[in-house]
Amino acid sequence: MNSPADIHTAQLDVTADFPILARKVHGRRLAYLDNGATTQKPLAVIETERRFYLESNANIHRGVHWLSQHATELYDAARVTVQRFINAAHADEIVFTRGTTEAINLVAQSWGRAELRAGDEILITAMEHHSNIVPWQLLCEQTGAVLKVAPVSDAGELDLDAFDALLTSDTQLVAITHVSNALGSINPVAELTARAHAAGALVLVDGAQAVAHQAVDVQAIGCDFYAFSGHKLYGPTGIGVLYARKPILQAMPPWQGGGDMIRTVSFERSTWADAPQRFEAGTPNIAGAIGLAAAIDYVQGIGLAHIAAHEHALLDYATATIGTLPGIRLVGTAREKAGILSFLVDGIHPHDLGTILDAEGVAIRAGHHCAMPLMNRFSIPGTARASLAMYNTQADVDVLAAAIGKAQKLFGT
Amino acid sequence: MNDSAPDLRELYQEVIFDHNRQPRNFHAMADADHQADGHNPLCGDQLTVYLRIEDGVVKDVSFVGHGCAISTASASLMTEAVKGKPVAEVEALFHDFHALLTDAPPDRDFGKLAVLSGVREFPARVKCATLAWHTLHNAIVGAQEPARTE
């Protein structure tokens, strides 16, 4: 392990773009290290949403009036922005959803209910977020399909041999996280997709913790579905994306009925619009989609290569700084890791630590991180988690380290 | 919401550290005639409260489980506070203790339980301090579902 002094984080300085970072919490400078939960928003995103409501607001795909057409153009352009961002082959492979959770539920309830039969298998990993577990459990109850779970090592890496052994001709779907929200482990999703396809299974990748931290190319990964949320990508809450390969998406039945998703409606029979409109029943989150596109423009303006380099250097610094404090146990030490540091402090429960850190202006997450099976795997009730974003600096890590020291002093550990 | 710096010493008093490090009545009870589980799924706090009630009086009480310092100390202090008390008095104390942490503190002597009054300034932690009490209540009334405070 490098000593902190040896690590020079190369440098993004974007805090001025994020107005909330200038506020104080409990009279202290805010060290926001809860980016795995949600990221802060740059002024460019806030202003885009504001400007939409000030100048462009109308419903889409239905008005003959100018404003409706204008709003429709902005919404459709947002879809193209998302398509290019993840290098999808076609804009109509992009479905706007409320977030990652809804995107995964959409696949489960549309594709899954149509395709799965009793005895079919869905393979996930032990490091999944609840949102990539529970939708499949619901689907299994509905269809008689069986959920299989590939284990993770003590370091928090997927056990590839066990994964291979669990991948059989019965496996219809492999649903894996790109980056673990609780541990930061990065899964080799392209390699796993190749193995799954060779076994005849489709692949869904949960990209909620990936898209803000590394360039994602869905064609290079080769996956059939990719899901992510806007709000973890410096965009608004309530907007997310499901990418699905065109032939698969076009064949999927609707999962919610309503306006905008139909071609014709009569009381005897209705017919469905093509994808992606078929999966966007009702008035969508128009301002959210446009705000998400602004977030993507902002991220691409900085450059994901720069963001990834900055966060990796900062993670190394944090690992060296926090990992060498007395009484610290790091949870999740995978070789390939994104900017998440999960840890335990001897004699201090994560919730007590969270309260004490908060008093110092340090925002972290304490708990099971919506990954209760993973916490059980490590026989711990939860962890404290610092999760990094492009605007974090060494100063944030230093404040975290000092605050942990204060907690240890208070607890006499 | 008050944004001034909270006084951690108000929350984490010595008595709380003492009961966190060495919880009293911290064991299972073989001859319990009442017991209940408590679980805060979001925190992961989990405990079981055991009771032996004779002639409407709490003859013995104990708990096992794991949680943060506030929830462990609160459970420990609770066992000391209710042992030997009539059940009706225990239920009244639960009511008043809850009020102590949330709204107007009732005019009564809380004894050692008063050290938990600092939780008032930390709304996110009230559920930690009350889990044991909700579980105790469930044990008394014979509820089947685990107690929750979130």
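The values are calculated or read from the model by the stated rules, or taken from the named source; none is laboratory data. Everything quoted here is computed from the prediction, not taken from an experiment. When we count neighbours, we look across all protein chains shown, and the Cβ atoms used for this are built from the backbone with ideal geometry, even at glycine.
Output the residues belonging to region A:335-350 that are more than 13 Å from every other protein chain (Cβ to nearest Cβ), of a type in the set (A, V, I, L, M, F, W, C) and outside any loop (DSSP other than H, G, I, E, B). Spell out the reasoning first.
First, the residues of region A:335-350 that are more than 13 Å from every other protein chain (Cβ to nearest Cβ): A:335-343.
Cutting the leftovers down to of a type in the set (A, V, I, L, M, F, W, C) gives us A:338, A:340-341, A:343.
If the condition is that a residue be more than 13 Å from every other protein chain (Cβ to nearest Cβ), of a type in the set (A, V, I, L, M, F, W, C) and outside any loop (DSSP other than H, G, I, E, B), then A:Ile340, A:Leu341, A:Phe343 are the ones that fit.
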Among the numbered conditions (1) within 14 Å of chain B (Cβ to nearest Cβ); (2) at pLDDT 95 or above; (3) more than 24 Å from B:Asn40 (Cα to Cα), tell me where A:Thr413 comes up short. (2)
All-but-one check, B:Ala32 against (1) free of Cβ contacts under 8 Å to residues at least 12 places away in the same chain; (2) hydrophobic (A, V, I, L, M, F, W, C); (3) away from every other protein chain (no Cβ under 11 Å), failing number (1)
Which condition from (1) away from chain A (no Cβ under 14 Å); (2) within 12 Å of the chain's Cα centre (by Cα) is the one that B:Ile70 breaks? (1)
Filter region B:40-71 down to the residues that are under 18 Å from B:Phe94 (Cβ atoms) and either touching a Pro at 6+ places or on another chain (Cβ under 6 Å) or aromatic (Phe, Trp, Tyr) (or both) and list them by number. B:Tyr50, B:Gly56, B:Val57, B:Phe63
Can you find even one residue in region B:16-34 that is buried (at least 20 other Cβ atoms within 10 Å of the Cβ) and touching a Gly at 6+ places or on another chain (Cβ under 7 Å)? no
Look at region A:392-413 and say how many of its residues are outside any helix (DSSP H, G or I) and surrounded by fewer than 24 Cβ atoms within 10 Å (Cβ to Cβ). 3
Give the residues of region B:3-29 that are facing another protein chain (nearest Cβ under 8 Å), aliphatic (A, V, I, L, M) and touching a residue at least 24 places away in the same chain (Cβ under 8 Å), sorted by residue number. B:Leu11
Given A:Gln214, A:Gln219, which one is under 30 Å from A:Phe343 (Cβ atoms) and either surrounded by fewer than 22 Cβ atoms within 10 Å (Cβ to Cβ) or assigned by TED's automatic domain parsing to the domain that holds A:Thr383 (or both)? A:Gln214
Listed residues A:Leu314, A:Leu304; which is in contact with a helix residue (DSSP H, G or I) (Cβ under 8 Å, 6 or more places away or on another chain) and modelled with pLDDT of 95 or more? A:Leu314
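Scan region B:35-63 residue by residue and report those that are of a type in the set (A, V, I, L, M, F, W, C) and either farther than 22 Å from B:Glu145 by Cα or more than 14 Å from chain A (Cβ to nearest Cβ) (or both).
Narrowing region B:35-63 to residues of a type in the set (A, V, I, L, M, F, W, C): B:36, B:42-43, B:47, B:49, B:51, B:53, B:57-58, B:61, B:63.
Within region B:35-63, B:Ala36, B:Val49, B:Leu51, B:Ile53, B:Val57, B:Val58, B:Val61, B:Phe63 meet the criteria.
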Of the conditions (1) in contact with a Ser or Thr (Cβ under 8 Å, 6 or more places away or on another chain); (2) crowded, with 17+ Cβ neighbours inside 10 Å; (3) over 30 Å from A:Ile356 (Cβ atoms), A:Arg62 satisfies every one except a single condition; which number is it? (2)
Qualifying residue in region A:191-203 (condition: within 30 Å of A:Gly301 (Cβ to Cβ), outside the structural domain of A:Val331 (by TED's automatic domain parsing) and under 13 Å from the mean Cα position of the chain (by Cα)): no
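Return the total of residues in region A:356-413 being within 23 Å of the chain's Cα centre (by Cα) and of a type in the set (Lys, Arg).
Filtering region A:356-413 for residues within 23 Å of the chain's Cα centre (by Cα) gives A:362-378, A:381-393, A:396-397.
Add one more test, that the residue is of a type in the set (Lys, Arg), and what stays is A:365, A:377, A:385.
Result for region A:356-413: 3.
Is it the case that region A:370-383 has a residue that's under 23 Å from A:Arg29 (Cβ atoms) and not in a loop (DSSP other than H, G, I, E, B)? It would help to see each step written out before you state the result.
Keep residues of region A:370-383 that are under 23 Å from A:Arg29 (Cβ atoms), which gives none.
No - not one qualifying residue is present in region A:370-383.
So, of the residues in region A:15-30 that are more than 13 Å from A:Ala389 (Cβ to Cβ) and not in a helix (DSSP H, G or I), which turns out to be farthest from the other protein chains (Cβ to nearest Cβ)? First the steps, then the outcome.
Applying the first criterion (more than 13 Å from A:Ala389 (Cβ to Cβ)) to region A:15-30 yields A:16, A:19, A:22-29.
This time we only want the ones that are not in a helix (DSSP H, G or I), so: A:23-29.
On the way: A:Arg23: 9, A:Lys24: 8, A:Val25: 7, A:His26: 4, A:Gly27: 5, A:Arg28: 7, A:Arg29: 12 Å.
In this case the residue turns out to be A:Arg29.
So, restricting to strands (runs of 3 or more DSSP E) that lie completely within region A:193-296, which ones have at least 1 residues that are without any contact (Cβ under 8 Å) to a residue 24 or more places away in the chain?
Details: elements: A:202-206, A:225-229, A:240-244, A:262-265, A:270-272.
Strands (runs of 3 or more DSSP E) meeting the threshold: A:262-265, A:270-272.
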Hey, A:Thr333 hits all of (1) surrounded by fewer than 17 Cβ atoms within 10 Å (Cβ to Cβ); (2) under 24 Å from the mean Cα position of the chain (by Cα) but one; which does it fall short on? (1)
Just for region B:97-122: of the residues that are surrounded by fewer than 21 Cβ atoms within 10 Å (Cβ to Cβ) and in contact (Cβ under 8 Å) with a residue 60 or more places away in the chain, which one is farthest from the other protein chains (Cβ to nearest Cβ)? B:Lys112
